[in-house]
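Each reported figure results from applying straightforward, stated rules to the coordinates on display, with no laboratory input. Computed from a prediction, not measured in an experiment: that's the story for all the values here. Glycine gets a Cβ as well: all are built from the backbone with ideal geometry, and neighbour counts include every protein chain shown.
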Amino acid sequence: MAEAAAPAPALQLEGVTCTFPSPDGRGRSYTAVQGASFTVADGEFVSIVGPTGSGKSTMLNVAAGLLKPSEGRALSFGQPVTGINPKAGYMFQAEALMPWKSALDNVAAGLEFRGVARAQARERARPWLSRVGLEGFGDRFPHQLSGGMRKRVALAQTLIVDPKIILMDEPFSALDVQTRQMMENELLDLWAADRKSVVFITHDLEEAIAMSDRVLVLSAGPGSRLIGEYRIDLDRPRDVADIRMTPQFLALHREIWGQLRDEVLKGYAQTKLR
Amino acid sequence: MAEAAAPAPALQLEGVTCTFPSPDGRGRSYTAVQGASFTVADGEFVSIVGPTGSGKSTMLNVAAGLLKPSEGRALSFGQPVTGINPKAGYMFQAEALMPWKSALDNVAAGLEFRGVARAQARERARPWLSRVGLEGFGDRFPHQLSGGMRKRVALAQTLIVDPKIILMDEPFSALDVQTRQMMENELLDLWAADRKSVVFITHDLEEAIAMSDRVLVLSAGPGSRLIGEYRIDLDRPRDVADIRMTPQFLALHREIWGQLRDEVLKGYAQTKLR
Amino acid sequence: MRSHAKRLPSRPVILLLQLGVLIAFFLIWHVLTDTKILSPFFFGTPGAVLERTWKDFASGVIWYHLGITLLETALAFAIGTVAGIAFGFWFARAPLVSIVFDPYIKAVNALPRVVLAPIFALWLGLGIWSKVALGVTLVFFIVFFNVYQGVKEVSPVVLANARMLGANSRHLFRHVYLPSALSWVFSSLHTAVGFAMVGAVVGEYLGSAAGLGYRIHQAEGVFDTVGVFSGMLVLTIFVVLIDAAVTVIEKRLLHWRPQDQHSGQH
Amino acid sequence: MRSHAKRLPSRPVILLLQLGVLIAFFLIWHVLTDTKILSPFFFGTPGAVLERTWKDFASGVIWYHLGITLLETALAFAIGTVAGIAFGFWFARAPLVSIVFDPYIKAVNALPRVVLAPIFALWLGLGIWSKVALGVTLVFFIVFFNVYQGVKEVSPVVLANARMLGANSRHLFRHVYLPSALSWVFSSLHTAVGFAMVGAVVGEYLGSAAGLGYRIHQAEGVFDTVGVFSGMLVLTIFVVLIDAAVTVIEKRLLHWRPQDQHSGQH
Amino acid sequence: AQDKLEKTDIKIAVGGKPLLYYLPLTLAERLGYFKDAGLNVEISDFGGGSKSLQALVGGSADVVTGAYDHTIQMQAKGQPIVALTQLGRYPGIVLAAVNRADTIKSVKDLKGKKVGVTAPGSSTNFMLNYVLTSIGMKPEDVSIIGVGGGPSAIAAIKRGEIDAIVNLDPVISQAQADGDITILADTRTEKGTIEVYGGPYPAAVLYAKPEFVKENPKTTQALADVFVRTMLWLNKASTEDVLKVLPEEYFLGNKSLYAQAFEHSKPTYSPDGQFTEAGAKAALTVLKAFDPAVASANIDLSKTYTNQYVADALKRLPK
Ligand SMILES: Nc1ncnc2c1ncn2[C@@H]1O[C@H](COP(=O)(O)OP(=O)(O)OP(=O)(O)O)[C@@H](O)[C@H]1O
Ligand SMILES: Nc1ncnc2c1ncn2[C@@H]1O[C@H](COP(=O)(O)OP(=O)(O)OP(=O)(O)O)[C@@H](O)[C@H]1O
Ligand SMILES: [Mg+2]
Ligand SMILES: [Mg+2]
């Protein structure tokens, strides 16, 4: 849909359907996402919210090029995504640090993969570690870090390579509120500095509203679709803590929450029924 | 400290200190928890909040008997914890499902370990699966479930064996708000039914207040101690969603939040400094 | 994760490719021996080898010998595997035993089996059992070391979880260690099948009254290279069949794993 | 997780225990042969074996042979390991190659090496290389199958993460597959060390001018059981030393793992 | 017309059944003589003579067809065994120079050269030692390489790994047929044997433990009958007769080569199975010189063999 003149969107999903074979390899299969289409413009910050198990991670995997949709396709900056999306950085929901690398080496890995010499990559990784509040923990291996610390290492690891589009799957859910807000502000600063595109999955609707330009609401599975889209017209730059108190914010929250709540209840009832 | 007449507390930590060897096996070691002491009475619901990396999981490991404290000791129902604590159920922060068992078999595992025949254990596991909203997903293997679904399976897995004291490490952080509230209410119902003891770790202060009889605040690491203790005198039974709007709740929240915020900031500064 | 990988060709295509490799191998062999680049005295000729193998099967003389060798192989494989798994688990779970006996296990593994053959013959006679013993000494160590390592690789969190759920040692074995170590066990079994056969054949080769190894030895004694290679051919055919059976079992027991997670290349 | 496990005894105590096992072994051997329950003709006597071993070292005759055997072992080990790792990775990363060649790899693994010895002798002569080749054929397969499996076991999420971070095939190998497969590699190396030695000794035994296998064969030819066992003793001592070196390297390369996570028993 | 045998199931061990050295065993089996004697035999084949001997000492075999040397060596080790029938009267060992080396014209030229024997410490090794010492050289003057007795020996010759070889048929005949070697000493003939050892030298024999003989005299006699009968048959048989009797597998490699090798070896077979004292003495002399265990022992040759059963058999069997 990108017109000739407009720049290609950072991400575009066109009628993406993802069907998984059934657990035992035979029998009925499970359709997680059904015909999902949405666009993330260059430089836009988009959040996706939806009930658990609705297919948010699945859609991010499609955008990253890790999962081939059964139907439909994904485009990134006008290019169809056929393999790993080279313009994307992906912060996974599950633990994805390399257990055999120290925190510092984990952060430096992306640079090394891009041909930066090891010593230099480590040097450049150090400020990133302190940015996520782990200055003294560079020599720890992942199993020696707490759950929240591992998440922060993963954040630094994703951001250091400066991807054009950042895919984040519940990046801050393991953090306490305070650390979380610091990380959120850190991310917004970064994003503001050179206007990357961000696709941000979260369970925290407040977080979604506070951070984004747009919030997408996913229906409950199976066969989730996008059922709501809200433009967040709050002023930038924002402070995630302060903005939550503004009436504008509260109005938006009420509105989206109304829809989401219904959807979650429906999803819950469905899984109970099936 | 238990007097002769009073029933022994469900859990008692006495001056627990946990020191980890340094990452490379030599050099300086890291003291996560320093002289922590607290008691959880029989039938009490206690939450622990604290900055990320402060040692919450570490303390739970001590209570479960998985980690031997460097100093001090843990008692459970008057018995020193020297091995696995047989009275405790533990829902881990990290993924702990057996990947080779289906969701249903994972839930049934605890019963099987207690000598229930396989078929019967699966029969009894089924209602538990629907209780956590996963009725149709019994035959899925963990890698076929979404992050939130795995957490819910783990919840059912822990609760089905009916432990006298339940240790929960951020059980609901991967769930969307709505599902989360349902799970929270489910847990409160269960707890009310036969007054188990619960130790509940969370990053969500609202959750901590809404659920607990008492909230403990942990200081930032290294060498965290318990620095605050708040009795929550809200009426029972509670509905976690409704109670958040009461003035009493808001007052408590403001009070604890004040202390926690300082602590988190300190912790953040410390890690930046070290 | 299912990914954008180029999908593998279908089953018949793969079979065709495999057949192609086989034919290419025989062709190269044929050309090399035909042009005397490889001396037929040492390498036989593929035509003669195939013809001999065919004759042996047609006349039926081979079945008796093959039966004995397969019996020995199966016994060696079964005993060695069971013992390897049992000791592997025991050692992995009993750190003191493991640390004390570790050097001796390794020492025994390094004993040349050829030299041990007379001792096995002494203890077990000249029948199949001395050959089975030889096979067991090969199979055991391969399985043992892999099971030992496999048990040590179990995820600490999953293990802790099972223990908190009340699993005792037997449960841990059955529900955690065994399933977790299974891929290690199967990896070792693929090597072990071959070594079980090697043990049986070498045992027969070193002293016996029947079996494929006996026939190979007889053929070698009269410089009948074709006979030697024909024996080896029969042997490899059957080891491939046994291994296919192992693979089928493996697929069934490990069906819980993510499918085609590793075809993910672009 | 460090747990309430009974801690292992300290290093010297363990050494003492190991020594105890050794002494017990020699004592039992002594008693059994002394009372003729085990025939000294087959089993020698520990006294005589130790004396002979001591003499051989004192007079120095053994060093030359030992040196040759160790050289062969080291070469077989190194070549077999490198080839096994290389092919293991290649096969694991090239599913079509792996699926097509799979039956042939297994077939070759099942060939009795003893029968192959003349071919190696023909190609490589009677010097050390034919023995190295024999050892390589043993070591290669053990390492190969384990590396292959080890690569397949890599955590899919960690792998996906590295690929998203921009790792190409070479990076994946170096930063993901290799470290992840290392515990498999080392598990296989512990077996492989022994088999490298077995290959060398059996090769010497079948035809050579020097080496421990040559000496063992010579002793066997004149029914000198004490000589045979003395040779095996020397052999095992050195294999244990080599294995200890492997363990040291293993500890260094795998230092990132959780320590004593498995002593967790009560 | 035999009395009832003490034992009819007999396990025979041999170290390399298809070797011409042990041809009488295969002949006896193929001619059906064991069956005629009421014996039910199982023949186990071993990788070498020493292993078949070990099977006997260990009790897993009843009788062995092996080298006469073993009876002396085992007496020195305190494991008495007794030879019952002689199958070969000349050892059949051949010392030959590899043509490619081209510098070896006589045994003297072996100095400093590499010589392949079947295995270090084996009878081929002793033969070489004996030949060397008889012309005033020392065993240490050559370097010994074990090359085995099969295709690996041929491989060693073809690759030029060795300058000379001490081996048996069929290796020698094969190498001769290929024109790769020149014979220096040949104990396949009476003349050659006397040149090397100064007298006949018993080669393959049938031996057993004295206990076996004592407990099963009738079975022992039956075994001796079988082999004497075989030796008498072989003495009169033509090459064609022999090839007709042998299993086809034996000459699948190369029939004419096998025939040739057989003809070379024919004189080595004992005509009637009887031992001679001179032969036993020759063997003892050789072993005393090179086997330290034998050298230091006091050997009673009369216990190493007996002609009793052969004599009895010869009395009854038609010549
Ligand atoms: N490999 C698979 N095989 C079968 N079903 C799968 C597989 N992967 C995901 N699913 C199913 O697809 C649905 C969507 O999963 P997904 O992980 O995308 O959910 P999500 O929205 O990210 O949930 P959460 O918020 O809990 O992380 C779930 O019902 C899940 O069970
Ligand atoms: N095995 C270990 N070796 C070294 N340090 C460790 C080890 N385990 C935990 N630590 C350290 O102990 C501290 C407390 O860890 P813990 O996991 O208890 O934190 P937490 O309070 O649970 O944090 P989170 O909320 O992020 O889960 C951290 O600084 C962590 O790095
Ligand atoms: Mg998800
Ligand atoms: Mg934690």
Checklist outcome for this item: In debye to the nearest 20, the charge dipole size for chain B, taken about the Cα centre with +1 at each Lys and Arg Cβ and -1 at each Asp and Glu Cβ, equals 780
Checklist entry - By the gyration tensor of its Cα atoms, with a ≥ b ≥ c the square roots of the eigenvalues, what is the shape of the protein assembly as shown: rounded for a/c under 1.5, prolate for a/b over b/c, or oblate? => result prolate
Checklist entry - When the Cα centres of segment A:186-201 and segment E:1-67 are compared, how far apart do they sit, in Å? => result 89
Item to check | Euclidean distance between Cα centres, segment E:161-227 to segment C:91-136, Å | outcome: 36
Checklist entry - Just going by the charge dipole of chain D, with Lys and Arg at +1 and Asp and Glu at -1 on Cβ, which of D:HIS255, D:PHE140, D:ILE99 is farthest out on the positive end? => result D:HIS255
Next on the checklist: Taking B:ALA192 in one copy and the same position in all the others, each labelled 7 Å out along Cα→Cβ, what are the pairwise distances from the first, in nm, shortest first?
Outcome noted: 4.5
Item to check | For segment D:121-266, with +1 on Lys and Arg beta carbons and -1 on Asp and Glu, the positive-most of D:MET232, D:VAL198, D:TRP129 along the dipole | outcome: D:TRP129
Next on the checklist: Quick check: pseudo-label points 7 Å beyond the Cα along Cα→Cβ at E:LYS191 and A:ALA119, how many nm apart are they?
Outcome noted: 8.4
Item to check | For segment D:44-56, 3J(HN,Hα) per residue [Karplus equation, 6.51 cos²θ - 1.76 cosθ + 1.60, θ = phi - 60°, Hz, x = Gly/Pro] | outcome: x, 10, x, x, 4, 5, 5, 4, 4, 4, 4, 4, 4
Checklist outcome for this item: homo-copy label distances at C:LEU19 (7 angstrom along Cα-Cβ), nm, one dp, ascending, are 6.7
Checklist outcome for this item: FRET efficiency (C:TRP123, D:LEU19; Cβ distance; R0 25 Å; to 0.05) is 0.35
Checklist outcome for this item: Computed for segment B:90-162: size of charge dipole around the Cα centre, +1 on C-beta of each Lys and Arg, -1 on C-beta of each Asp and Glu, debye to nearest 20, value 60
Item to check | Cβ-Cβ FRET estimate between A:ASP235 and B:ARG73, R0 fixed at 60 Å, reported to 0.05 | outcome: 0.65
Checklist entry - Straight-line reach from C:LYS36: which lysines have a Cα under 20 Å away, not including same-chain ones fewer than 8 places off? => result E:LYS158
Checklist entry - Over all distinct Cα pairs, what is the inverse of the mean 1/r for chain A, reported as the Kirkwood hydrodynamic radius in Å? => result 19.5
Checklist entry - Fewest to most neighbouring Cβ within 10 Å: what's the order for E:THR103, A:THR19, E:THR304? => result E:THR103, A:THR19, E:THR304
Checklist entry - Which pairs break 27 Å Cα to Cα here: D:LYS131/E:LYS209; B:LYS196/C:LYS152; E:LYS209/E:LYS288? => result D:LYS131/E:LYS209; B:LYS196/C:LYS152
Item to check | Helix-derived mean residue ellipticity, 222 nm - over chain D, DSSP H n ≥ 4, -39500 (n - 2.57), to 500 | outcome: -26000 deg cm²/dmol
Checklist entry - Which of the lysines could a cross-linker span from E:LYS105 if the Cα-Cα distance has to be under 18 Å and same-chain partners fewer than 8 positions apart are dropped? => result E:LYS113, E:LYS114
Checklist entry - What ranking of E:HIS70, C:HIS65 emerges when the number of other C-beta atoms within 10 Å of each C-beta is taken as an exposure proxy, fewest first? => result C:HIS65, E:HIS70
Checklist entry - Over all residues in A:201-209, what is the mean tally of Cβ atoms on other chains that come within 10 Å of each residue's Cβ? => result 2
Next on the checklist: Taking the alpha-carbon distance from E:LYS244 and a cut-off under 26 Å, which lysines remain once sequence neighbours fewer than 8 residues away in the same chain are dropped?
Outcome noted: C:LYS55, E:LYS11, E:LYS17, E:LYS35, E:LYS236, E:LYS255, E:LYS266, E:LYS319
Checklist outcome for this item: Most exposed first, judged by fewest Cβ atoms within 10 angstrom, E:SER60, C:SER10, A:SER54 run C:SER10, E:SER60, A:SER54
Checklist entry - Counting each DSSP H run of 4 or more residues in chain E as -39500 (n - 2.57), what helix-only mean residue ellipticity at 222 nm follows after dividing by all residues, to the nearest 500 deg cm²/dmol? => result -12000 deg cm²/dmol
Checklist entry - What nm value, rounded to one decimal, do you get for the distance between A:ARG254 and E:GLU263 when each label is placed 7 Å out toward the C-beta? => result 11.9
Checklist outcome for this item: Listed by chain and number, the residues whose amide H is under 5 Å from that of A:MET168, excluding neighbours fewer than 5 places away on the same chain and using placed H, are A:MET91, A:VAL199, A:PHE200, A:ILE201
Next on the checklist: Testing the spin-label approximation: label points 7 Å from Cα along Cα→Cβ at B:ARG126 and D:LYS36. State their distance in nm.
Outcome noted: 7.3
Item to check | HN-Hα J in Hz across segment D:99-113 - Karplus 6.51, -1.76, 1.60, θ = phi - 60°, x for Gly and Pro | outcome: 6, 6, 8, 2, x, 6, 4, 5, 5, 5, 4, 8, 6, x, 5
Checklist entry - So how strong a dipole does segment A:138-274 carry about its Cα centre when Lys and Arg Cβ are +1 and Asp and Glu Cβ are -1, to the nearest 20 debye? => result 540
Next on the checklist: Taking each residue in D:168-181, count the Cβ atoms of any other chain within 10 Å of its Cβ, then average. What number comes out?
Outcome noted: 2
Checklist entry - Average partner chain C-beta neighbours within 10 Å, per residue of A:97-103? => result 6
Checklist entry - Per residue of chain B, what 222 nm ellipticity follows from adding -39500 (n - 2.57) for every DSSP H run with n ≥ 4, rounded to the nearest 500? => result -12000 deg cm²/dmol
Item to check | Between segment C:175-200 and segment D:183-246, the alpha-carbon center distance in angstrom | outcome: 25
Checklist entry - For C:ALA94 and E:THR8, what does the FRET efficiency come to when R0 = 35 Å and r is the distance between their Cβ atoms, rounded to the nearest 0.05? => result 0.10
Checklist outcome for this item: Per the charge dipole of segment E:34-114 (beta-carbon charges, Lys/Arg positive, Asp/Glu negative, Cα centre), the residue among E:ILE104, E:GLY66, E:PHE46 reaching farthest to the positive end is E:ILE104
Checklist outcome for this item: Checking segment E:80-145 for trypsin sites (Lys or Arg not before Pro) in a loop per DSSP with at most 14 other beta-carbon atoms within 10 Å yields E:ARG100, E:LYS105, E:LYS111
